[in-house]
1. Restrict the search to the range 118-215; then list the trypsin sites (Lys or Arg not before Pro) that DSSP places in a loop and that have at most 16 other Cβ atoms within 10 Å of their Cβ.
2. If r is the Cβ-Cβ distance from Asn656 to Tyr217 and R0 is 35 Å, what FRET efficiency results, to the nearest 0.05?
3. Could you state how much accessible area Trp420 has, in square angstrom rounded to the nearest 10, with a 1.4 Å probe and all protein chains kept in place?
4. When the Cα centres of the range 629-646 and the range 155-175 are compared, how far apart do they sit, in Å?
5. Could you give the nm distance between label points at Gln545 and Asp565, where each point is 7 Å from its Cα heading toward the beta carbon?
6. Can you sort Glu419, Glu309, Glu411 by solvent-accessible area, 1.4 Å probe, largest first?
7. Taking the 0 to 90 degree range and rounding to the nearest ten, how far is the long axis of helix 443-454 tilted relative to the main principal axis of the chain, both from C-alpha atoms?
8. Quick one: length gained pulling Asp596 to Thr394 fully straight, 0.36 nm per residue minus the C-alpha distance?
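The values are calculated or read from the model by the stated rules, or taken from the named source; none is laboratory data. The structure displayed is predicted, hence computed values, not measured ones. Using ideal geometry, Cβ is built from the backbone for each residue, glycine included, and neighbour counts are taken over all protein chains shown. Please note that ligands, DNA and RNA were not included when accessible areas were found on the heavy atoms of the full protein model with its side chains. Shrake-Rupley method; radii C 1.70, N 1.55, O 1.52, S 1.80 Å.
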Amino acid sequence: MPTCSSAGLRRALFVTPAVLLSGALLAGTRQPAAAQEAVAMPTIVVEGTKPKPNRRAQRAAVPHRTAVAPAPASEGPVLPADTTTISAAAATARSLSTSDSAALIADIPGGAAWGAGGVSSLPAINGVGADRVQVAINSMLISPACPNEMNPPLSFVNPTMIANMRAYLGVAPVSVGGDYIGAKIDVSTAPPLFAKGPGWLTTGSVSGFFRSNGNGYGVDATATVANNDTSVTYTGGWAKASDYKAGDGTRIKSTLYEIQNHALSISKRSFGNLVTVQVGGQFIPYQGYVNQYMDMVYNQSAFINARYEGVFDWGQFEATGFYHHVQHTMGFIAPDKTGSMPMDTKASDAGYTLKASFAVSGHDLIRVGNEFYHNKLDDWWDPVAGSSMMGPNTFTGINGGERSRFGSFVEWERHWDREWTTLLGLRNDMVWSDTGDVAGYNAMMYGADAAAFNARNHARTDANFDGSALVRYEPGATSQFELGFARKTRSPNLYERYAWSNSAMAMSMIGWFGDGNGYLGNLDLKPEKAHTASFTAAFHDPAQQRWEVRVTPYYSYVEDYIDVDRCALRAGSSTCTAANLTATNDFVDLQFANHDAYLYGVNLDGRLQVWENPVYGRGVLRGQLGYVRGQRSDGVNLYHVMPINGKLALDHTLGNWSNSVELQLVGAKDDVSQVHNELTTQAYALVNLRTGYQWDALRLDLGVDNLFNTNYYLPLGGADLVDYKVVSMMGSSAAYGYNVAGPGRSLNARLTVRF
């Protein structure tokens, strides 16, 4: 397979917006009405009580031909009651405001996003984020390929590419995956479409958008050519934006970006079998980071992904395999950041999953599975010409780092009767990590740290055991009650274990928190183990059309939570000093460390149909509320925990016209981490407006974000390291004490044409 730096691959995968647009326009003839899907206003699908499927009948009735769906359907586990799904229509509607797929997580009860680049936020759910929330893109797991995690998994898919985003919160079945303690997010893109019978199905769409704040614009496209057993689908998009402005008119520096993602899928089906092979890639020529000392100046990736689904007399079988490669460079984007200090990362991920489901009786389903994932990482910083501190040698951050995970599970689902359902599962994950010896820019400044690290054995083996148990009671057609327990385990990532230098510059380059602090790895870290209990009560009308409400309180005790301590005193160190141990109003230097911790909270969401008639259409009131509190056992508050927040919206549809007015409320963030010197933020409220109209194959969407141009600060946005400086004899440096301001008013428009 060619490397990501190959010019030929670059020309093949990363096209100009004009070519992308013209290609989509030539995608095919008019899409049949039966295959059309109107883009609705952003709504959240609440997974409530559903009529129980006849699983035996599903397995027996394997269709020879369908209209637009693949033949086999995956026999997944019963969905926990707090599971939330964002549909393709909702993801596309949210793309009116953002090109950052992680921003969609805010539409999930308990969901938020850690601020980063304009298209690279990190998801957070129920108080934990980044690696603790596992994200799978079409079953691909993509590991951090940057010491700042500038290329998280959700950045490899544009919002309009998402066909389904499903979030499993605290108590998820073991078959969903391992090696995380928070939530699991499964993202699917471009499910195959097939023709109803003889002949060809050709369908496609192209849309362009504009956002006034930051002068953002771009294009998205899809195209499918299919007969009754073969389908070829392209999906992708390109987006570009300049720095945005806050509500007071201040330009927030280093928030510009440009991105393109592309994927091409080929699917083949026969009686009860479906095979899909997908190839694609990403190219980001630049992306500014207001809360990091560095910017992204190059990010290119390529992947191949294969999937098989089969239906047999004994049950269902599913297999996936993938390979993903990324090459990444950090640097400075002028004029807001200047200088030369290239930092490169090359990483690859590969893996497979095997899952089988067996109906052992009329009431019982057994699932078994096995999976393997391997991540390889090289992180190096070339010397800077003329610099005595950053030369004359190459700084080796991680030398051939490897992290492999081999997991197996067994799961038992039993439907005792119409009212009672249970789900029990156990899994084991073996995690192996290792890395080679390292070296700094020079022996004088880095030799002692490198020698101490190299003298130790780097290989680590973690034997992780997880389990989950769920009991569901449905007394009737209008309510559902569910109690769940789970143990989830996550082993440290390569940077948490192997970041080795305690020099001020090197430590400041490590960390995905966007806080200006420096971070040091810890070879002695243990895996973190979360013991979670949750209870969900859901109520709705019998048809689940007029109203529903769902409330989920939860509690999680985490053994060996991977947090930080102020780095221990070191003789001759400029970072790990006595002043660093006691500082309360400055950036500090930290080392990853295990601490026991706990989190508790409650999520509430629901909707109510307020009216429905031929004259005024349909009006639906929807809302959500999330509260979480997290502390270590020694009383220190957990870091980057979203304050109480909620949304209240009124959605209106009348024929082909749809509208929405949304009120977003965020409380003050006062419970901050004392160890990190985390900053507080004030409460705020935002009003957003949406309207859209569908004319046959043409749709126009308009919106206003932050209608009243409110000036506010992002609770999880980190520290502004660019807009505020301290000037001294040594030059200028970032000033401590300034949060990142959120975007001010933006007028948005999107025009979509379907064929």
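1. Working: sites: Arg132, Arg166, Lys184, Lys196, Arg211; in loops: Lys196.
Answer by residue number: Lys196.
2. Working: r = 25 Å, r/R0 = 0.73.
So, using R0 = 35 Å, E works out to roughly 0.85.
3. Per-residue accessible area (Trp420): approximately 100 Å².
4. 24 Å
5. Each label point is offset 7 Å from its Cα along the Cβ direction, giving 6.2 nm.
6. Numbers: Glu419 65, Glu309 30, Glu411 0 Å².
From most exposed to least exposed: Glu419, Glu309, Glu411.
7. 50 degrees
8. On the way: separation 202, 0.36 × 202 = 72.72 nm, distance 3.79 nm.
Length difference between fully extended and current span is 68.9 nm.
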